[in-house]
Each structure stands twice: as C-alpha cells, then as structure tokens.
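One structure is given below, encoded as structure tokens.
The values are calculated or read from the model by the stated rules, or taken from the named source; none is laboratory data. Given the structure is predicted, the values throughout are model-derived calculations rather than measurements. Don't worry about glycine lacking a Cβ; one is built from the backbone with ideal geometry, like all the others, and counts go over all protein chains shown. Note: accessible area is taken over every heavy atom of the protein model, side chains too, but ligands, DNA and RNA are not part of it. Shrake-Rupley method; radii C 1.70, N 1.55, O 1.52, S 1.80 Å.
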Amino acid sequence: TAKERGKAGFVRYADGMREPVLAHMQLGGELRRALENDEFRVVYQPIVRLDDGRLIGVEALVRWHHPVRGVVGPAEFIPAAERTGLIVPLGRFVLRETCGQASAWLAEFGPEALAEAGLNVSARQLHDPDFVAEVTAALTDSGLPCERLVLEVTESAVLRGQQVSRALHELDRMGIRLALDDFGTGESSLSLLRAFPAAIIKLDKSFVDGIEIDDGGPVTPDARQAVARAVIQLAGALGLATVAEGIESAEQVAVLRELGYTVGQGYFLGEPMTADGVSRLLAVQRKAAPGPHPGGQRNSDR
Ligand code: C2E
Ligand code: MG
Ligand code: MG
Ligand code: MG
C-alpha cells in the first residue's frame, strides 16, 4: 500500500512524504489529545546584552514532548494548531506558563535580574475577542507586572484588520510591550510601523546570517549589512528598542555592535533551555553582579 499508519497516528507515504490534508486532520486530533495529556512544555531562550553578555530577558518557545516521536519543534505543529484553532488553548497555556515563571524569577532574583519575558502570539489568538482579557487574567493570577511582558507578533499577523488592531492598542495601553517579530521578512514593514504600537523590533535571523562575511567577493560587507543598518536607523528614529535574532558567532556580535545593536538572541548567546536552566544562569549572574555596597566588583572573567 502507498501509505502506512505509524504508531503515533501520523499518516506517511512509503516514500516518507506525509499526505497533506489527511495528515493535517490527524495532527489536529493529535494536538487536541496532546493538550489534554499535558504534553506541551515551554523552553526559554536568553536575550542578552551584547556588550557584557548579561541576561536581560527570555523568549518563551513551545515544545511538544510526543510520546513516540520525542521532542517536536513548533514549526511542525504551530501551522496545524493555527488552522484548527487549537492555537488558542495552546497559546493560553504558553501565556500562563510564561507569566507564572517570569513572576517566580522576579520574586527569587529581584527586579534587576531579568527585565522581561516574551512570548509569541499568532494572528488567530489576536482575533479571539477574549484575548486581552486572558492576558489581563494571566498577569493578575501570576502577579507579573504588565511592563515585564512582551508579546511578539509578526507583520502578517498585525495586518489582519480592525479587531487585531484594537487588541494591540489595548495591550499597548495596558503597558504591555509589543515586539515585531521576524522584522523585515513581511510585506509592508515600513508603513506598518506607523500604525502599529510596537516597542521593539526583532531583526530577523536572515539579516544576521552572513553579516560577518568579508571574503572580497562580489557581495561586499556593506551590502550584507545593509538591512541590519537600515533597521537600526529606523528603530532609532522611531524610538524603538531592537533585538537581533539568530546570532551564531562572536564575529556577528562584533558587526552588530558596530552597527549599533545592543541586545541580541541566538545560539551563540544561549540556546532555548528549561526554566531551571534560566534559574541557574540568573543565580550565576547574581553572584557575578556588583555587590550592594560601593567597591563591589564585577567578575571580569565572563
Ligand atoms: P521565532 O519567534 O522567530 O523564534 C526564534 C526561533 O529561532 C526559535 O525556533 C529559536 O529556537 C530559533 N533560534 C534562535 N536562535 C537561533 C540561532 O542562532 N540559529 C538558529 N538556526 N535558530 C535560532 P523554534 O523554537 O523552533 O520556534 C520557531 C517559531 O515557532 C518561532 O519563531 C515562532 O514563530 C513559533 N513559535 C514558537 N513558540 C510559539 C508559541 O508558543 N506560540 C506561537 N504562536 N508560535 C510559536
Ligand atoms: Mg518570536
Ligand atoms: Mg523571531
Ligand atoms: Mg524567526
């Protein structure tokens, strides 16, 4: 037969290709079951200062601990979760988990240790008339102050009309910061910035890739750095903060700093990790921080 049903319920063709429509339906059922079985986990990727590597925030990223397939990344199930609407309960889980965790870090390590926690929000969630109330409830229940929360949205999600725009402005008025994720990859980045109450621009990884290359070839370093340079100028002019995404080397950090970026995220600076992993980083950072009294010295070996 052409296809074969695996133990996990995924439909696969013998050649390894998944049959799109049926597989998506199956995946919807799988996701619903996974939510009920508590198979989703949140990991946190450090967002750090580029000058001294200090952790200033985290981004929450969801993972699916599938009983058969192991850890599954969001690229494999977020699209199906969006299509089936399951992103709404899944997103609520990530929101509650992140607010609770950030509030716990705040209590344990103090207000200076970690400025903010961010999470990704899909268009579908922004369309949900209950979304703003859910965010409010998550903040209230966790005790996390609104200025500690960052909601990351993509350009395409923002361009979805009145309801979404209303929700975004309401969140902004509450003091929650909005970040434009994957900036530069969407269709109308520039006009969007005037209508959308963004506080942070996240420069997409694709504009960080290759930024350090200076090989004397036809593509000059200036050309490779053009978008990153334009974005930091734009952010400066509009008074927005920036985060450079997907930083994988010290050379990229050096170029980005030269361009004026002060904050970044990427495997070179820290991979997504469990909440305990972040706690350990915060504990190390607390030890290394200058003491409360004058003369307290910062460790210089990090
Ligand atoms: P994103 O929001 O742009 O998140 C950054 C992605 O880039 C993460 O992938 C992260 O692990 C990866 N990344 C970070 N640094 C590096 C690097 O140096 N090199 C490379 N190659 N990759 C790096 P991840 O966790 O697989 O998430 C993929 C996307 O899935 C996210 O992109 C976001 O759009 C979406 N996503 C993740 N969690 C959620 C969620 O809870 N809700 C929603 N709606 N979407 C989510
Ligand atoms: Mg993001
Ligand atoms: Mg991103
Ligand atoms: Mg991205």
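Computed values, structure above
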read-out	value
The lone exception for L151 - which of (1) open to solvent by less than 30 Å² (accessible area, probe 1.4 Å); (2) more than 19 Å from I78 (Cβ to Cβ) it fails	(2)
Residue within the range 160-169 that is part of a loop (DSSP other than H, G, I, E, B), small (G, A, S) and within 16 Å of ligand 2 (Cβ to nearest atom) present	no
In the range 193-219, residue farthest from ligand 2 (Cβ to nearest atom) [restricted to those that are under 19 Å from A244 (Cα atoms) and in a helix (DSSP H, G or I)]	L193
Test for D172: is it touching a residue at least 12 places away in the same chain (Cβ under 8 Å), open to solvent by 30 Å² or more (accessible area, probe 1.4 Å), within 15 Å of ligand 3 (Cβ to nearest atom) and charged (D, E, K, R)	no
Residue match in the range 88-106 (condition: open to solvent by less than 50 Å² (accessible area, probe 1.4 Å), under 17 Å from G277 (Cβ atoms) and within 16 Å of ligand 3 (Cβ to nearest atom))	yes
Which listed residue, of A254, A250, is free of Cβ contacts under 8 Å to residues at least 40 places away in the same chain and open to solvent by 30 Å² or more (accessible area, probe 1.4 Å)	A250
Criterion: within 16 Å of ligand 4 (Cβ to nearest atom) and closer than 23 Å to R92 by Cβ - qualifying residue of S156, S142	S156
